[in-house]
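Let me begin by presenting the structure, written as structure tokens, before commenting on it.
Each value in this text was obtained by applying a stated rule to the coordinates, not by laboratory testing. Given the structure is predicted, the values throughout are model-derived calculations rather than measurements. Note: ideal-geometry Cβ built from the backbone for every residue, glycine included; neighbour counts use all protein chains shown.
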Amino acid sequence: MIDILIKILVCFFAGMGAGLGTGFAGMSAAAVISPVLITILGVDAYAAVGIALASDVLASGVSAYTYKKENNLDVKNGIIMMASVLVFTMVGSGVASLVPSHTMGGFSVVMTALLGVKFIIKPVMTTKEAMQ
């Protein structure tokens, strides 16, 4: 019973971190969810990435809707970006399927740590007005 409660709490806080990261910084929810599931709950790396990417689809859709509603979304360039993302996601998934799960999990955790260090050293502090 305690194990289930701990898993629920870990998933809740991972989801909360992913949601805040997606909403505030536009980052992928997978950057938070995958390492948490792999390191804390011991979920298989491929399952963790699959769960994270599935949550990314919904989170990105909600974020895109919100940004579009506020006229902060460039749909034309977004469609071009989406096409290239889809193509290279297929390529990346094919290559990743050749990598052992342990290596995939370690890579995910290390890259997330490096991303965190980058945001600490050089945070994104640009306002909308400054970008225009």
key: Nearest 10 degrees, 0 to 90: helix 75-96 Cα axis against the chain principal axis   = 20
inquiry  = To test your reading of the geometry: what angle, between 0 and 90 degrees and rounded to tens, separates the Cα axis of helix 45-69 from the longest principal axis of the chain?
reply    = 20
key: Relative contact order (percent, whole number), region 2-124, Cα cutoff 8 Å, 6+ residue spacing   = 25
inquiry  = Can you give the FRET efficiency to the nearest 0.05 for Leu5 and Ala113, using r as the Cβ-Cβ distance and R₀ = 22 Å?
reply    = 0.20
note = With +1 on the Cβ of every Lys and Arg and -1 on the Cβ of every Asp and Glu, the dipole magnitude of the chain about its Cα centre, in debye rounded to the nearest 20, is 240
inquiry  = Can you give me the orientation-averaged projected area of the convex hull built on the Cα atoms of the chain, in nm²?
reply    = 9.6
task = Using a Gaussian network model of the chain whose springs link C-alpha atoms within less than 10 Å, name the residue from Ser34, Ser84, Ser63 with the highest mean-square fluctuation.
result = Ser84
